[in-house]
Amino acid sequence: MSGAALGIEIVFVFFLALFLLHRYGDFKKQHRLVIVATLLAWYLCFLIVFILPLDVSTTIYNRCKLAVNSSPAESNGSDGTLAPSKQKCFKPWSYIPDGIMPIFWRVVYWTSQFLTWILLPFMQSYARSGGFSITGKIKTALIENAIYYGTYLLIFGAFLIYVAVNPNFNLQWNQLQTIGIAAANTWGLFLLVLLLGYGLVEIPRSHWNGAKRGYLLMKTYFKAAKLMTEKADAEENLEDIMEEVRKVSESIKYNHPLRKCVDTILKKCPTEYQERMGRNMDDYEDFDERQNNYPSEKSLVKLHKQVIYSVQRHRRTQVQWQILLEQAFYLEDVAKNETSATRQFVHTFHSQEPENKIIQYFYTPTVEWYWECLLRPWFYRVLAVVLATFSVIVVWSECTFFSTEPVLSLFAVFIQLAEKTYNYIYIEMACFLTIFFLSICVYSTVFRIRVFNYYYLASHHQTDAYSLLFSGMLFCRLTPPLCLNFLGLTHMDATISHRNTQPTAYTSIMGAMRVLSFIADGFYIYYPMLVVILCIATYFSLGTRCLNLLGFQQFMGDSEMTSDLIDEGKELIRREKRKRQRQEEGENRRREWKERYGNRDDSTRNRVVHTDQKESSFSEANTNRPLSKYTRSNGRTERDRIELLQDAEPLDFNAESISDDPLESDAGR
């Protein structure tokens, strides 16, 4: 099993990152480089979180071996205590051989830092660029990132000059590397505490509120009102941009040098606008070089960028509106079924997507009623209590992890108790649950953040390339300080525990922070205590109230604006519900009409065909009798009558059905 656990987790984390990226990104429409870069960033960050517990258990085993080798085996010490025996130091099932973890952490860490500080910012500008060629996009990205990269180079150059001039400093390359790591972790820790303070309160509270049906329904109405405003704004913005595209397309003819740029812009427009502009095109006129009213290439680049943004925003609001309607209809169904006497869940509308037969077999209407109306609220309440308990433990440990005598951090107490008995499975589970909960609090906040329309992670494949790349940057900057904070909470970091023991492989890669004592002994220890203030502010919704005062409507139960938006959203949902009911009623009527008259039409057709066959065979034997023509004409008349009643496809003209002989027409009548 040596190294097998590492390989299994590497594969599992890859598919986990791929699944999340598929949920938020669009593999078919977005550029492959954007997908690969975002997937690599997410994958490396998730990998650090999952592999770090294995590093902890391996380090504890190595410490045990060092203690055994440095003391006489099975002999009493000077204080009468037994030295650790080799029988206690059994190898854990997930043991990773020496030399693998340092190389692994070095590759993962420096790759993630290269992504977050160099590659991903460049790709962000490249993805938002409106250039029509790769060279033009690269040029635009370099210009936009010149200030970004120049600031880093200026700070780093000033620091190097200061070190070279000052004779008191004799820094080597390893120390410079440690200073760079400390600077990056300091920036990440500053943002980490802000996000952690929000997640520690909001995640348990959101699950507790999830048990309140009325609360969720009111919040859905509120979201519907806000989303309808955003949807209308996106449609209006798209109309304005398409009008500019139409004017440019009409002014630049087919033989103009910039016509290829216009065609590229038209390909990014929605299909209905492309067809509309294609019908209005008049490419028979040549362009006149003497006219000066043609748009420049720079203006076309700007227009191309606006088209990409407006089309993405319009598509996202349309999809989110449909998803929100389904959620609102479902919550209304839950509210209606709570008082059902039959205890069977009844849906107002059938699901538009085909359901899995296995799920449909086990998840019957009775099971659905018990889960949605009885069990689910209690499950969410219990889960909220468990999460709130974890949050309290985290806050207490963040405020007391610097105390080593006595040990006050609860996570450190749990790990040290398991370390005495060398229960590696318990150690790994405790470490995994701790760092997993911290990661959920931080990463979920990243997924919830919305900076106007520039950064917004929208599910159901509606996230743009810029937001995906920005999320990768945040993950790569937050994960290293998150892991260091976890090692400090468990006292596995020698800088915090002040013990002369073997450090973890991850800590050895980070380097000794003693080079910058004011950061190691000050900022890293006392700054995480601010999480208490942030948790209090989040509990009383101070940030939500401030945004509401600034004009950004937020969901607040005691606000008059919130009540107005809830009423508006309720009316919008009611209107959409009536519209969908009329559509379903129309479809049901057409289906019933088809079932009622379609079978009669089929039987009539079979009877007519059978009669035609009999009459045709009879007419071949008796060619002098005109009965067969009479029968065929009567059959056509019957079929025509049925098809007209059925409102079927129009009949084509058939010359055989019209006879020039008036006697035959009279006989037919």
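The residue pairs whose first member lies in region 300-315 and is of a type in the set (Gly, Ala, Ser), whose second member is open to solvent by less than 60 Å² (accessible area, probe 1.4 Å), and whose beta carbons are closer than 9 Å, counting only pairs six or more residues apart or on different chains, are Ser310/Ala234; Ser310/Asn237; Ser310/Leu238; Ser310/Ile241; Ser310/Met242.
I'd like to check something: does region 361-369 contain any residue that is part of a helix (DSSP H, G or I), in contact with a Phe, Trp or Tyr (Cβ under 8 Å, 6 or more places away or on another chain), open to solvent by 30 Å² or more (accessible area, probe 1.4 Å) and not hydrophobic (A, V, I, L, M, F, W, C)? Within region 361-369, one or more residues are part of a helix (DSSP H, G or I), in contact with a Phe, Trp or Tyr (Cβ under 8 Å, 6 or more places away or on another chain), open to solvent by 30 Å² or more (accessible area, probe 1.4 Å) and not hydrophobic (A, V, I, L, M, F, W, C). If only residues of region 265-292 that are under 26 Å from Ser129 (Cβ atoms) and of a type outside the set (Lys, Arg) are counted, the one that is modelled with the lowest pLDDT is Met277. Residues considered: Ala234, Ala141. Of these, the only one that is in contact (Cβ under 8 Å) with a residue 60 or more places away in the chain and touching a helix residue (DSSP H, G or I) at 6+ places or on another chain (Cβ under 8 Å) is Ala234. Taking into account only those residues within region 447-472 that are touching a Lys or Arg at 6+ places or on another chain (Cβ under 9 Å) and aromatic (Phe, Trp, Tyr), which is farthest from Val36 (Cα to Cα)? Looking at the filtered set, the residue picked out is Tyr456.
Taken as a whole, the structure places Thr490 among residues that are within 17 Å of Ser57 (Cα to Cα), modelled with pLDDT of 90 or more and among the polar types (S, T, N, Q).
Quick one: would you say Arg343 is touching a Gly at 6+ places or on another chain (Cβ under 9 Å), open to solvent by 60 Å² or more (accessible area, probe 1.4 Å) and modelled with pLDDT of 85 or more? The answer is no for Arg343.
Just the residues that are among the aliphatic types (A, V, I, L, M) and in contact (Cβ under 8 Å) with a residue 40 or more places away in the chain, please, taken from region 359-384. Across region 359-384, the qualifying residues are Leu383, Ala384. In region 536-563, the residues that are within 22 Å of Ala388 (Cβ to Cβ) form Cβ pairs under 6 Å with partners that are open to solvent by 40 Å² or more (accessible area, probe 1.4 Å) and charged (D, E, K, R), at six or more places apart or across chains, as follows: Phe555/Lys219. Has region 207-225 got at least one residue that is without any contact (Cβ under 8 Å) to a residue 40 or more places away in the chain, over 16 Å from Phe555 (Cα atoms) and touching a Leu at 6+ places or on another chain (Cβ under 9 Å)? No, because not a single residue in region 207-225 is without any contact (Cβ under 8 Å) to a residue 40 or more places away in the chain, over 16 Å from Phe555 (Cα atoms) and touching a Leu at 6+ places or on another chain (Cβ under 9 Å).
Given the conditions (1) in contact with a Ser or Thr (Cβ under 6 Å, 6 or more places away or on another chain); (2) farther than 30 Å from Tyr309 by Cα, and given that Met510 satisfies all but one, which numbered condition is not satisfied? Unmet for Met510, out of (1) in contact with a Ser or Thr (Cβ under 6 Å, 6 or more places away or on another chain); (2) farther than 30 Å from Tyr309 by Cα: (1). For region 133-154, taking the residues that are of a type in the set (S, T, N, Q) and over 20 Å from Val262 (Cα atoms), the one that is surrounded by the most Cβ atoms within 10 Å (Cβ to Cβ) is identified as Asn145. Among the residues of region 192-229, the ones that are open to solvent by 40 Å² or more (accessible area, probe 1.4 Å) and over 22 Å from Glu372 (Cβ atoms) come to 5 in all.
Scanning region 511-536 for residues that are modelled with pLDDT under 80 and either surrounded by 19 or more Cβ atoms within 10 Å (Cβ to Cβ) or in a loop (DSSP other than H, G, I, E, B) (or both) yields Gly511, Ala512, Met513, Leu516, Ile519, Tyr524. The one condition from (1) polar (S, T, N, Q); (2) open to solvent by less than 10 Å² (accessible area, probe 1.4 Å); (3) out of contact with any Gly (no Cβ under 7 Å at 6 or more places or on another chain) that Thr463 does not meet is (3). For Ile51, indicate whether it is without any contact (Cβ under 8 Å) to a residue 60 or more places away in the chain, of a type in the set (A, V, I, L, M), open to solvent by less than 10 Å² (accessible area, probe 1.4 Å) and farther than 16 Å from Ala458 by Cβ. Taking the combined requirement at face value, the residue satisfies it.
Looking across region 247-272, the residues that are assigned to a helix (DSSP H, G or I), surrounded by fewer than 19 Cβ atoms within 10 Å (Cβ to Cβ), in contact (Cβ under 8 Å) with a residue 24 or more places away in the chain and within 33 Å of the chain's Cα centre (by Cα) come down to Thr264, Lys268. Scanning region 537-572 for residues that are part of a loop (DSSP other than H, G, I, E, B) and of a type in the set (D, E, K, R) turns up just one, Asp558. Tell me yes or no: at least one residue of region 232-245 is surrounded by 15 or more Cβ atoms within 10 Å (Cβ to Cβ), modelled with pLDDT of 90 or more, within 29 Å of Phe437 (Cβ to Cβ) and of a type in the set (A, V, I, L, M). No, region 232-245 has no match at all.
Scanning region 303-340 for residues that are surrounded by 15 or more Cβ atoms within 10 Å (Cβ to Cβ), farther than 20 Å from Leu572 by Cα and touching a Phe, Trp or Tyr at 6+ places or on another chain (Cβ under 8 Å) yields His304, Asn337. Only one of (1) over 30 Å from Val442 (Cβ atoms); (2) touching a Pro at 6+ places or on another chain (Cβ under 9 Å); (3) at pLDDT 90 or above fails for Ser251. Which number is that? Result: Ser251 fails condition (3) only. Restricting attention to region 444-482 and to residues that are in a helix (DSSP H, G or I) and of a type in the set (Lys, Arg), the residue that is nearest to Arg313 (Cα to Cα) turns out to be Arg448. Only residues that are more than 27 Å from the chain's Cα centre (by Cα), charged (D, E, K, R) and surrounded by 14 or more Cβ atoms within 10 Å (Cβ to Cβ) were counted in region 375-415, giving 1.
The values are calculated or read from the model by the stated rules, or taken from the named source; none is laboratory data. Note that the structure is a prediction, hence the values are computed from the model and not measured. Neighbour counts are summed over all protein chains in view; Cβ atoms, including those assigned to glycine, are modelled from backbone coordinates with ideal geometry. Just the protein is used for accessible areas: all its heavy atoms, side chains included, with ligands, DNA and RNA removed. Shrake-Rupley method; radii C 1.70, N 1.55, O 1.52, S 1.80 Å.
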